[in-house]
Each structure stands twice: as C-alpha cells, then as structure tokens.
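Down below is the structure, laid out as structure tokens.
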Amino acid sequence: MTLEERLKTLEKRVRQLEDRAEILQLMATYGPAVDSRNGDIVAELWTEDGHYRTDGLDFAGREELAALVELPGHRQYVDAGSAHVLSLPHLVIEDDRAVATGYSRVYVVQGDGHRVARTSANRWELVRTAGGWRVQSRINRRLTGAEEARQLLHGGVAGGDDPAVDSSPP
Amino acid sequence: MTLEERLKTLEKRVRQLEDRAEILQLMATYGPAVDSRNGDIVAELWTEDGHYRTDGLDFAGREELAALVELPGHRQYVDAGSAHVLSLPHLVIEDDRAVATGYSRVYVVQGDGHRVARTSANRWELVRTAGGWRVQSRINRRLTGAEEARQLLHGGVAGGDDPAVDSSPP
Amino acid sequence: MTLEERLKTLEKRVRQLEDRAEILQLMATYGPAVDSRNGDIVAELWTEDGHYRTDGLDFAGREELAALVELPGHRQYVDAGSAHVLSLPHLVIEDDRAVATGYSRVYVVQGDGHRVARTSANRWELVRTAGGWRVQSRINRRLTGAEEARQLLHGGVAGGDDPAVDSSPP
C-alpha cells in the first residue's frame, strides 16, 4: 500500500474506534441524567423523533422523553435514592447506524442497603446525525423469564444482526 | 521520525486499541448469549479446547461449553428471568495473549424485584486466533471471603501480570 | 491537508482514544485492589497528594489511601466476600485533566446470595502525570435521595463541565 492508502485505512479505523467511544459516552450519560432528573439532557440523547419503549410505557419524541423524569414513579425512585446503571453493551456499528445490546438495572435505597428494583434487557438503535450519535429507539424489557426479553438479547448477539432492522413492536 | 515510521507506530497503536475493543465486545456477548440460552454463541467465544472453571463445575471444550445453557440450574435461572452481567474488566494485552480481570453478577427475579444470586471474581485468559480473540480459560470464583477468589483479583492487577501464566487449578 | 497534517491529526485522535482506555483501565483496577486488600495498588492509582472523600471519611495522600483497606469495616466486607464494582463512566478529557462520573456498588455476601450494601454517585478528577493518569480527587456519595449525590451526577453530564473546576467540598 502507498502511504496515502495506509493513511486512509487508518483514518477509517480510528473513526470506528471513535464511534464506539462516542456511543459508550452517550449511554453513560443516561443514568446520571435520569437520576438527577435532568429531562433536557435525557431528551437530547435521542433524535427528534426518537422513542423509548419500556414495559407498559411508550415515550415518543423529545418532549415526552424529557417528561420521563417527572413521572411520579420516577420522582419516587430519585427521592428515595436511585441508580440507573447500564452494563457494557454489545455493539454493532455499520456506517451511520448502530445497535447496542445489554442490561440495565435500577437500584433503590432499602433500609441501610439497596434493592435491585429492576433488571432489564435493552436494545438501543442509534443513528449518526450532524450533531453526533443519537438514540433512534430504545426498547427495555424487564427480565422476568418472558420470551420477548430473551429475544431482545438474542437478536443483538446472534450475528445476523442488521442495524437497519425494523424495531417496531409486535 | 520519518512519515513511514510515524505511520507504522500509529498502525501499532490503533491495533492495540482495536484489540481492547474486540475483547470487550467478546465479553459483552457472554451475558446476552447465556441469558437467551444460545449455547452455540457461548461456545464460539472460546477456543476449540477452551475451558471454563466455576465453583464445582468444569466445562472443557466447545461441546461442554454449549451444553452449559442446558443445565437444570441454568434453565431455572433463565425461566425465572436472569441477567449475567460483567463489569468493565482490567485488561492486560501482550501480543497475542490477554488477561481480563473483573466481576460477574447474576441477578434473578424475586417477587417484584431481583436478587443478586451470585457475585464472583473472574480471570479470563484470551488468545488471538485467525478468527479473532477467543477465551482460552475463564476461572470464576464466588466472592465468599475465600482466599482463592481474592487471589484471582490480586493476580490480575498486581502488575507482574504475565498473560502467559499457567492457569491450571491447584 | 498534506500527509503531514493528516498524520498529525491522526496522532492526536489516537492519543485521545488511548487516554480514554488508560483512564478506564485505572478505574477497573480499583475494585480488584480493594477487594483483595492491596493498599499499595490502591494508593498508586492516586497522585501523591490525591484525596478520596466518601460520606464521613476523608483519605488524603497515598499513606491514608493505602490504609483504607485496613479499616475494620473494610476488612469485615472483604472477609465476608465483597465486590466493589464501578459502572462505565461518563468521561470528559481535556488535555491533561479529566472528569469521570458514574456509579459504584458494593455487594456483600448474605446467605446464599449477595446484598447491595452500597450504591453511590462518584466524581473522579484525574490528571495526566509523567507516570500516566492518576486520580487527584474522588468524591463518593451514597445515593439516599440527598441533593449532594444528585449534584455530583448532574455536574458531570451537564455539559458546562470543566475538568479544572474546584472540587473542594462545601
């Protein structure tokens, strides 16, 4: 390869590593934002028309996403002392789309310790925008043994994964 | 340095960053694979002759590793709703070998919340193969105050760490 | 851009990715070090004059940081079987300073499972030294609904974050 070709290859590889780092940074913003009830920071992690579907709830667009932190259930968690923690995700990035698959847990104060109020499977579909990576769709399903949560995990790591896949719920 | 030398140095540094990302990706595949009971995906994370030693159990080779998800205890966990979550590991990479040291936790549904069924120390020994990084050996010890689990953690971060070290159990 | 300029840009971008990896590695060392009671490894994560403030305790300088693992409460945790686990942090790096914001949890054996003894918000302020990245200050506040813990999380992700900010406690 010529110097020019090697440089071009390197630039592409570094861009891929940066994509990975940017997506992890975006995901690491979510917990601190919801646990300090900063709806605007939460909303800006998503695209304008992004959505977040969790068991029984469906937040569509930034206004609804920002309002998530005002829900009575969420306020109760935060007032008691909550931590929304994400695991290191499995990450498939293809050009301007990405899928992150992993776990989330919500810890809430209980007595002199903390209980695990929720453990869920998550599928994040992300897109590259002019302003950087944003969440197009997040689906969260509590791990109760239900098939749908397991499918979410399986779909992310099963290899035939296509970030462009339609994620509309059944 | 000449342009050629700088390019060569950069290529090496980028390769190291990619190694790190690939190993983290491999580790992030484990949980979703076992929690959706995909034995083949689990098995392919290991080398052909890889092994996984956990308290009282020893899985050797891909056939045994794939069958791990069929164990009655594992099925019970998954049916109830389980999450096998790994922490961000301490990672030492030297050429074609690597050691990752960190924690794993298993969360299982209990009532309207989840209990922490298991918290363990883990040492993963990895090798670079033609098909990418694979696990040669994983040792998992529940953190019950026993010396062996502490030694696993100490060995990983104590600096004199040599990825080529013999990991055969005592 | 000339080849020289492109190379220079790449070198800077790779350095930033390496900074990120080095800081994550440093943070991934903390848990295994405290859970195997290796005070020297803990102390060396900090600068000579670094400090660690946690609710009711203030460790200043490496001698006090190394002695942290000898505290009766800490020994009790480790003897029972403890895991100090950090979440993937939100990370802002600017030149030779960085701020990492995230969660820590302490799991301790209870019966045949583990309880979550502590879940906290953390702000790590790091500096680049001749020997690599070191912690200048870590502040840890248990998430009990108290305003200070929420502020720690908010301050890290609110965007106007300046790694050079004074972190002296009120």
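Here B:GLY132 meets the list (1) of a type outside the set (A, V, I, L, M); (2) on the phi > 0 side of the Ramachandran plot; (3) at pLDDT below 95 almost entirely, failing just condition (3). Taken over region B:108-133, residues that are assigned to a strand (DSSP E or B) and farther than 17 Å from C:LEU86 by Cβ amount to 17.
Within region A:134-160, being in a loop (DSSP other than H, G, I, E, B) and under 17 Å from the mean Cα position of the chain (by Cα) holds for one residue alone: A:LEU143. Filtered by the rule that a residue be without any contact (Cβ under 8 Å) to a residue 24 or more places away in the chain and either touching a strand residue (DSSP E or B) at 6+ places or on another chain (Cβ under 9 Å) or of a type in the set (A, V, I, L, M) (or both), region A:139-153 gives A:THR144, A:GLY145, A:ALA146, A:GLU148, A:GLN151. Residues that are within 15 Å of the chain's Cα centre (by Cα), of a type in the set (Ser, Thr, Tyr) and either within 14 Å of another protein chain (Cβ to nearest Cβ) or farther than 25 Å from B:VAL99 by Cβ (or both) within region B:28-74 comprise B:THR29, B:TYR30, listed in sequence order. Tell me, yes or no, whether region C:93-103 has at least one residue that is touching a helix residue (DSSP H, G or I) at 6+ places or on another chain (Cβ under 6 Å), closer than 15 Å to C:ARG138 by Cβ and either at the interface with another protein chain (Cβ under 7 Å from one of its Cβ atoms) or modelled with pLDDT under 95 (or both). Yes, that holds for at least one residue. Annotation note: Cβ proximity below 9 Å between a residue of region C:66-78 that is outside any helix (DSSP H, G or I) and a residue that is not acidic (Asp, Glu) (sequence gap 6+ or interchain) occurs for C:LEU71/C:LEU57. Within region C:1-27, restricting attention to residues that are in contact with an Asp or Glu (Cβ under 9 Å, 6 or more places away or on another chain) and surrounded by fewer than 16 Cβ atoms within 10 Å (Cβ to Cβ), the residue that is nearest to the other protein chains (Cβ to nearest Cβ) is C:LEU3.
The values are calculated or read from the model by the stated rules, or taken from the named source; none is laboratory data. Quick caveat: nothing in here was measured; it's all calculated off a predicted structure. Backbone-built Cβ (ideal geometry, glycine too); neighbour counts: all protein chains shown.
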